[in-house]
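Heads up, the thing below is written out as structure tokens.
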Amino acid sequence: MLGKILSSIGFLLCLCLNVSAQLKQGTTVKREGCTVYITLQIGVESDSSEAADVAMLQEALEPCWPMKCDMPCADPRKKICKLASRVIIKKWSEIRAADRRKYHHVKIVSGQGVSYVNDLTTPNTGKSSGGTWYRHEYSPKVYCHETLHLCGLPDHYRDCRANRIALGVDNCKDGDTCTAAQIAAGACPSCPGYEDDCLGNDVTKPFSCNNNLMEIVRMVHDYDLVCPDSCCELEEDDHSSTSLQLIPTISLDAGLAIYTHKNKNFPDFNQTYSGYNINIGAGIATSITDKIVGLGTLNYNYSSTSHSDENTTGGTTNQNNSTIRFGRLSMKFQLEYELTNDFSVTAGPEVGALFCAKAKNYGTSTYNGMTTSYGSEEFSKITGGKNIQLGFNLGLRKDVNLGNNAIGIGAITPYFNFYYPITNSLDFAGNGNKMYNINVGALYKFTKN
Amino acid sequence: MKNLFILILLLSTSFSFCAAQSPDYFMVIYAGSNAPWGKNQSFTIDANGNCKYILTEVGKGAIDSNLFTITKTELQELSDQVKQSKFYTLKKGYNTNSVDGTSIYIKVTQSDKSKEVSVVNTHIPEVDALVDKLNTIISTQQIKIKY
């Protein structure tokens, strides 16, 4: 039974990891450790060769994607976070229908024209855009300019052309208007501060960290994207104390409890009790590296498992019911490793003691039509020896970070956890008896003062 | 005789006055690039059929221009096409959320009514028909409104 449970867990793990492989929309901004990534997903459709147009676009975007920038910390003495951009370009025909909404749909066409983007969509909102781009454009840098529109950024030049003024276009939003001379000339002067910007009036300019990439990050309004304190380490010559961040945590999980009882003198004797368990913990979390968090938790676990069976021997039919309940106080030590944007794996030992163990055993015995009861439905304390409870935890956590540092202010992390006991629960003359827990729950991390 | 002369004079004056009044419409068209590169066309027709065309390129200003007059018959054909296209029932803007690309803006003023329509990165049959008619009329000037 344990083998079947572990197989199911493995399947679920694989399923979860596979589902998270593709981002959910055309433009995603997400922090991974101390780096904030802007990821653009483009699906290319072509009126000619998709493969050739994908290759053309990859080459055209190479000067502007990927790009790396520094994100400053609030304290200028401290080191910096990183901001990086990356683009994924696929053939539209090779994207599954169910996944197409996660890509900006760009059609590359022949002929003469001016490339455009359908609309400006905000990153991380589940929406993707698209457009029609001409294969032979004014400059290959046009595609870099258009990708910034796919990310949701507007133009940064004052459009003094009559058709644009008639449409009410106001890119600069600074209260200034075009002069008569600018209107007569159909000029497009860059907005103040954007003179060297790809979204200004010169599309051949390179991407700007502050004007372009940081503007994309600022559009998302996610506190998690702010450079976290744990990434902003002090410079080496700074003599002020480097404080270790200790974040209080509480956790609550519940699930399946399985108690196995084997008798070494009777190899055929193998009882499995099943029931429920509840686990409450309080502890401390600390960031060890940008991907690893250490957690120490004081835990209380309450498990209740039951077993019923019926057997007939020599004309006597015995119907037996047993329930065992444990209260275990333990210290749990775990390392949490960030696997992907969304998921972390946790593992570590747990050591504790049973301070509460009780059981009840009752049933009926029927012989020649006469039934007698035995045992008691009242719980009795288990007075036998109780071993040191040593076990191992293995879990999976999903990052639902609400806070603005690596550990999170008010971060709630739902998780799955499997507790594997190494030692027997009770000292039953060497008989094997172990309590397994398979739980789901949530961990809450408090703010650091 | 004297009265007849005065009557004729009055009638002539009235006729001249009426003739000097503006005909029934005035058209403005802006077409071309919405991006910070490319060309833009400006085309205006007053009520007397006087046409003014300017071609500009971003960063270069005006690169071509033309002044000419179309006939009253051609003006009427254009007016008829405005009606056939049901121009006054069109929306003010089509696909205005799109960025860059090309667009056309048309404003028609006739008598006491006026209508503006902008079409961005798409084509509306009614607008296309109106532009096609105009392009037919002005083709002799080697001008074609494109968007």
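The values are calculated or read from the model by the stated rules, or taken from the named source; none is laboratory data. What you see is a predicted model, and the numbers here were worked out from it, not measured in a lab. Here the Cβ is made from the backbone with ideal geometry for all residues, glycine too, and neighbour counts use every protein chain on show.
Here is a yes/no grid of residues against (1) more than 24 Å from B:G93 (Cα to Cα); (2) charged (D, E, K, R); (3) modelled with pLDDT under 95; (4) surrounded by 20 or more Cβ atoms within 10 Å (Cβ to Cβ):
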| residue | (1), (2), (3), (4) |
| --- | --- |
| A:N118 | no, no, no, yes |
| A:S128 | no, no, no, yes |
| A:H136 | yes, no, yes, no |
| A:G168 | no, no, yes, no |
| A:S190 | yes, no, yes, yes |
| A:D197 | yes, yes, yes, yes |
| A:L213 | yes, no, yes, yes |
Answer residue from the stretch B:40-61, given it is of a type in the set (A, V, I, L, M, F, W, C) and away from chain A (no Cβ under 14 Å) and is farthest from B:I143 (Cα to Cα) among those: B:A47
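Results for (1) in contact with a Pro (Cβ under 6 Å, 6 or more places away or on another chain); (2) without any contact (Cβ under 8 Å) to a residue 40 or more places away in the chain; (3) over 26 Å from A:V109 (Cα atoms), shown as yes or no for each residue.
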| position | (1), (2), (3) |
| --- | --- |
| A:D119 | no, yes, no |
| A:T125 | no, no, yes |
| A:G131 | no, yes, no |
| A:Y157 | yes, no, yes |
| A:K173 | no, yes, yes |
| A:A180 | no, yes, yes |
| A:C209 | no, no, yes |
| A:M214 | no, no, yes |
| A:V217 | no, no, yes |
Enumeration of residues in the stretch B:118-147 that are within 20 Å of B:G101 (Cβ to Cβ) and small (G, A, S): B:S118
Any pair with Cβ under 7 angstrom, 6 or more apart, that starts in the stretch A:28-43 at a residue that is part of a strand (DSSP E or B) and ends at one that is surrounded by fewer than 23 Cβ atoms within 10 Å (Cβ to Cβ) and among the acidic types (D, E): A:R31/A:D224
From the options A:I38, A:I42, A:I5, residue that is within 30 Å of A:K434 (Cα to Cα) and at pLDDT 50 or above: A:I5
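Can you find, within the stretch A:227-257, the residue that is surrounded by the fewest Cβ atoms within 10 Å (Cβ to Cβ) among those that are among the aliphatic types (A, V, I, L, M) and at pLDDT below 70? Quick ask: steps written out before the conclusion?
Going through the stretch A:227-257, the residues among the aliphatic types (A, V, I, L, M) turn out to be A:234, A:244, A:246-247, A:250, A:252, A:254, A:256-257.
Still in the running and at pLDDT below 70: A:234, A:244.
Numbers: A:L234: 16, A:L244: 8.
Among those residues, the one meeting the criterion is A:L244.
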Criterion (part of a loop (DSSP other than H, G, I, E, B), small (G, A, S), within 13 Å of chain B (Cβ to nearest Cβ) and more than 26 Å from B:T122 (Cβ to Cβ)) met by exactly one of A:G200, A:G111, A:G175, A:G168: A:G200
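Could you check how many residues of the stretch B:86-124 are in a loop (DSSP other than H, G, I, E, B) and either on the phi < 0 side of the Ramachandran plot or out of contact with any Phe, Trp or Tyr (no Cβ under 9 Å at 6 or more places or on another chain) (or both)? Give the steps one after another, and end with the answer.
Taking the stretch B:86-124 first, the residues in a loop (DSSP other than H, G, I, E, B) are B:86, B:90-92, B:95-98, B:101, B:111-112, B:121-124.
Retained after the next criterion (residues that are either on the phi < 0 side of the Ramachandran plot or out of contact with any Phe, Trp or Tyr (no Cβ under 9 Å at 6 or more places or on another chain) (or both)): B:86, B:90-92, B:95-98, B:112, B:122-124.
Looking only at that region, the number is 12.
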The one condition in (1) touching a residue at least 24 places away in the same chain (Cβ under 8 Å); (2) of a type outside the set (K, R); (3) surrounded by 13 or more Cβ atoms within 10 Å (Cβ to Cβ) that B:N135 fails to fulfil: (1)
Residues located in the stretch A:365-391, provided they are surrounded by fewer than 10 Cβ atoms within 10 Å (Cβ to Cβ) and either hydrophobic (A, V, I, L, M, F, W, C) or not in a strand (DSSP E or B) (or both): A:N368, A:G369, A:M370, A:T383
Residue match in the stretch A:149-163 (condition: in a loop (DSSP other than H, G, I, E, B), more than 10 Å from chain B (Cβ to nearest Cβ) and either of a type in the set (V, I, T) or over 22 Å from A:K205 (Cα atoms) (or both)): no
Selected residue (only one of B:N97, B:N121 is within 9 Å of chain A (Cβ to nearest Cβ), within 25 Å of A:G131 (Cα to Cα) and at pLDDT below 95): B:N97
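Would the stretch B:73-85 turn up any residue that is part of a strand (DSSP E or B), among the small types (G, A, S) and surrounded by 15 or more Cβ atoms within 10 Å (Cβ to Cβ)?
Start the filter on the stretch B:73-85 by keeping residues that are part of a strand (DSSP E or B), which leaves none.
There is no residue in the stretch B:73-85 that is part of a strand (DSSP E or B), among the small types (G, A, S) and surrounded by 15 or more Cβ atoms within 10 Å (Cβ to Cβ).
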Pick from the stretch A:159-190, criterion acidic (D, E) and farther than 23 Å from B:K107 by Cα, ranking: farthest from the chain's Cα centre (by Cα): A:D176
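Kindly indicate the residue of the stretch B:100-116 that is out of contact with any Asp or Glu (no Cβ under 6 Å at 6 or more places or on another chain) and more than 10 Å from chain A (Cβ to nearest Cβ) and also surrounded by the fewest Cβ atoms within 10 Å (Cβ to Cβ) among those meeting that condition.
Taking the candidates together, the pick is B:D112.
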